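Remarks on the structure that follows.
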Amino acid sequence: MRIAIVTDAWSPQINGVVRTLQAVRDQIESMGHEVLVIAPDSFLSMPCPTYPEIRLALARAAVVGRRIEAFGAEAIHLATEGPVCLAARTYCLQQGLPFTTAYHTQFPDYVAARTGANPAWIWRYIRWFHAPSQSVLASTPSVAATLHDQGIEQVRAWGRGVDFATFGSDGARDPAMMALDGPVQLYVGRVAVEKNIEAFLRSTTPGSKVVVGDGPARADLQRRYPEVHFLGTRHGAELAAAYRAADVFVFPSLTDTFGLVMAEALACGTPVAAYPVSGPIDVIDERVGAMADDLDIAIGRALTRPRWLCAAYAARFSWPASARQFLDCLVRIDRHVDRIAA
C-alpha cells in the first residue's frame, strides 16, 4: 500500500513525535509498503513565535494535494494539527478523500504554558481539526479518555515502542555521569517551559542532577541552577549510556501524551519517577517506578525499584506492534472514484 504521512514535526526537530513517525515509517517500509512523508522541509517556513526551533511551513492545499496525487496515495495520515496538515486536510475534504489523524501532544496545555492562552480556546480548534477524520489515533487510554471528554469520539489506540538494538540494560555507561555523587537523577528531553523541568531542578533529593537535551529554556535554567549538569543533546549509543549511568530517570512533565524517554530509560534498566498524570500513568507502574504529587517522594520510591525488572517490563513497548496498529487504523482510498486534482 502507498501511504502518505503528512506532518508538521520532522527532522531536524528532535522530539517524541518525530521519533515515533520515523520508527513507524521504517517498520512499515520493511513490511513492503511505500511511504511518502510530506513535512515542513519541503516548503518555505517561518519560526514559530516563542519557539524558533520549530518552523511553521507556508504550505498551500493545492501544492500538498499535487504531491499526494503524484505519489498515488492509497491511504493518508495527518500526524499533527499544524499548517502542513491543515493544507492536506483542506485538500482531502475538497476531493472527498478519507484520512486519519493523530493526537500526539497536549497542544492546548502547551500553548497555555507558553502564551497564557485559555486551553478551552485551543480545544475548539482541536475538535474542529479532527472532526472529519475517520480515526483519531491516541497513544494511551488516558489520552483517549481526554479526547472523548472533549467530544472527539472516533479514537483508536496506537501504542509506542523502543529501539532495543540501541536501548538495553547491557552496554556502556557514561563515565562522566558515573563519577558524579549519587544518586544520579536524569532528565532527557526538550528543555522548554511546557516540560516542567524546573520542578525537577527544585527537588531536594540528595545526589546529582543531569539534564540531557536542549531548548529555549536551557540558558536561563543553566544560569539559575549552576549545580545541575547540562550535557546538551545526545543520540543513539551516547544517550543509552546516559540512561544506564543514571540511578533514576525523572519525568516532571504534566502535559505529555506518552513520553518515549520513559520507555527508553526502563529498557536501559533505569526506574522512573514522575507525577501521576497522563503519560506516566499509562507507561509505568509501581514495580518499575513511582508516581507522586511530591516529586521527591516519587524519586525516593523509584530508587528502590530493581533494575532487572525495569528492563524486563520495557519489553512490552514494540515498534513492530505499533506499526501494525497504525496500519490497521488507516482507511484505504477507493481509487475507482473519479475526482478532480487540486
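The values are calculated or read from the model by the stated rules, or taken from the named source; none is laboratory data. None of the values given here were measured: they were computed from a predicted structure. Note: ideal-geometry Cβ built from the backbone for every residue, glycine included; neighbour counts use all protein chains shown.
Quick notes on this one:
- Of everything in segment 1-47 that is farther than 17 Å from ARG66 by Cα and of a type in the set (Gly, Ala, Ser), the residue that is surrounded by the fewest Cβ atoms within 10 Å (Cβ to Cβ) is GLY32.
- Each residue in segment 258-277 was checked for being among the hydroxyl-bearing types (Ser, Thr, Tyr) and surrounded by 24 or more Cβ atoms within 10 Å (Cβ to Cβ), and 1 of them qualify.
- Screening ARG202 against (1) among the charged types (D, E, K, R); (2) modelled with pLDDT of 95 or more; (3) under 22 Å from the mean Cα position of the chain (by Cα) leaves a single unmet condition, (3).
- Residue that is nearest to GLY259 (Cα to Cα), among those in segment 185-227 that are in contact (Cβ under 8 Å) with a residue 24 or more places away in the chain, basic (Lys, Arg) and in a helix (DSSP H, G or I): LYS195
- Scope segment 17-38; condition of a type in the set (A, V, I, L, M, F, W, C) and in contact with a strand residue (DSSP E or B) (Cβ under 8 Å, 6 or more places away or on another chain); matching residues: VAL17, LEU21, ILE28, VAL35, LEU36, VAL37, ILE38
- Single residue of ALA219, ALA240 found to be within 22 Å of GLN13 (Cβ to Cβ), in contact with a Cys (Cβ under 8 Å, 6 or more places away or on another chain) and assigned by TED's automatic domain parsing to the domain that holds ALA298: ALA240
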